[in-house]
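Student: This is the structure I want to talk about, given as structure tokens.
The values are calculated or read from the model by the stated rules, or taken from the named source; none is laboratory data. Keep in mind that this is a model prediction, so the values were computed, not measured. For neighbour counting, all protein chains shown are included, and Cβ atoms are generated from backbone atoms with ideal geometry for every residue, glycine included.
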Amino acid sequence: MMLAHLSFIPQQALSRLVPHILEMENQAHARIAIGIAGVSSTGKSTLAAEIVTMLNATHPGSAQLVPMDGFHIRHDKLEVMGQVDYKRTPHSFEEAEFVSFLHHLKHATTDMSGPGYS
């Protein structure tokens, strides 16, 4: 489910997201995977870690944090494309790969690893 662009301070985001995630969890009766993407240094990892902490406080062991850092176009590929100046910008984020990874993670029945984590 994609939400429209929202802008919140972290506490507002948490107070809106956590109940929504719990509702999704109750309705799905299956694993859910949530991706948080955005510009570097905007607090995505901090927000994700706090969401995991809050979910695990109500349902111990139910949530796991999976970093997304491996989904930027590799430096050597940017060199070939002549776009090294775009390294780590939104333009260099492989969003299709990230969405595919989340899909596979949601349906995984064995251990799996994402880019940069093997």
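Student: For the stretch 57-69, which positions are surrounded by 14 or more Cβ atoms within 10 Å (Cβ to Cβ) and without any contact (Cβ under 8 Å) to a residue 24 or more places away in the chain?
Tutor: The one that is surrounded by 14 or more Cβ atoms within 10 Å (Cβ to Cβ) and without any contact (Cβ under 8 Å) to a residue 24 or more places away in the chain: Ala63.
Student: Any idea which of Ala37, Ala13, Ala33 is surrounded by 12 or more Cβ atoms within 10 Å (Cβ to Cβ), modelled with pLDDT of 85 or more, under 16 Å from the mean Cα position of the chain (by Cα) and not aromatic (Phe, Trp, Tyr)? Before the answer, list the steps.
Tutor: On the way: Ala37 fails: modelled with pLDDT of 85 or more; Ala13 fails: modelled with pLDDT of 85 or more.
Going through Ala37, Ala13, Ala33 in turn, the sole match is Ala33.
Student: Could I ask something else about it? Would the stretch 58-70 turn up any residue that is of a type in the set (Val, Ile, Thr) and under 17 Å from Ala13 (Cα atoms)? Lay out the reasoning, then the answer.
Tutor: Let us first name the residues in the stretch 58-70 that are of a type in the set (Val, Ile, Thr), namely 58, 66.
Narrowing further to those that are under 17 Å from Ala13 (Cα atoms): none.
No, the stretch 58-70 has no match at all.
Student: Would you pick out the residues in the stretch 53-75 that are within 27 Å of Pro90 (Cα to Cα), part of a helix (DSSP H, G or I) and touching a helix residue (DSSP H, G or I) at 6+ places or on another chain (Cβ under 8 Å)?
Tutor: Of everything in the stretch 53-75, those that are within 27 Å of Pro90 (Cα to Cα), part of a helix (DSSP H, G or I) and touching a helix residue (DSSP H, G or I) at 6+ places or on another chain (Cβ under 8 Å) turn out to be Phe71, His75.
Student: Continuing with this model, one more query. Against the definition (more than 16 Å from the chain's Cα centre (by Cα), within 25 Å of Ser100 (Cβ to Cβ), surrounded by 12 or more Cβ atoms within 10 Å (Cβ to Cβ) and not basic (Lys, Arg)), how does Glu79 come out, yes or no? Steps first, please.
Tutor: On the way: more than 16 Å from the chain's Cα centre (by Cα): yes; within 25 Å of Ser100 (Cβ to Cβ): yes; surrounded by 12 or more Cβ atoms within 10 Å (Cβ to Cβ): no; not basic (Lys, Arg): yes.
The answer is no for Glu79.
Student: Does Ser45 count as part of a helix (DSSP H, G or I), closer than 25 Å to His107 by Cβ, at pLDDT 85 or above and of a type in the set (Ser, Thr, Tyr)? Break it down into steps so the answer makes sense when it comes.
Tutor: Details: part of a helix (DSSP H, G or I): yes; closer than 25 Å to His107 by Cβ: yes; at pLDDT 85 or above: yes; of a type in the set (Ser, Thr, Tyr): yes.
Yes: the conditions hold for Ser45.
Student: Would you tally the residues in the stretch 16-30 being within 16 Å of the chain's Cα centre (by Cα) and part of a loop (DSSP other than H, G, I, E, B)?
Tutor: Looking only at that region, the number is 0.
Student: If you don't mind, there's one more thing I want to ask. Taking Pro67, is it under 26 Å from His104 (Cβ atoms) and either modelled with pLDDT under 85 or among the β-branched types (Val, Ile, Thr) (or both)? If you could, list the steps in order and put the result at the bottom.
Tutor: Working: under 26 Å from His104 (Cβ atoms): yes; either modelled with pLDDT under 85 or among the β-branched types (Val, Ile, Thr) (or both): yes.
Taking the combined requirement at face value, the residue satisfies it.
Student: Hey, could you check the stretch 85-105 for residues that are surrounded by 14 or more Cβ atoms within 10 Å (Cβ to Cβ), of a type in the set (D, E, K, R) and over 13 Å from the mean Cα position of the chain (by Cα) and say which is farthest from Ile32 (Cα to Cα)?
Tutor: Within the stretch 85-105, the match that is farthest from Ile32 (Cα to Cα) is Lys87.
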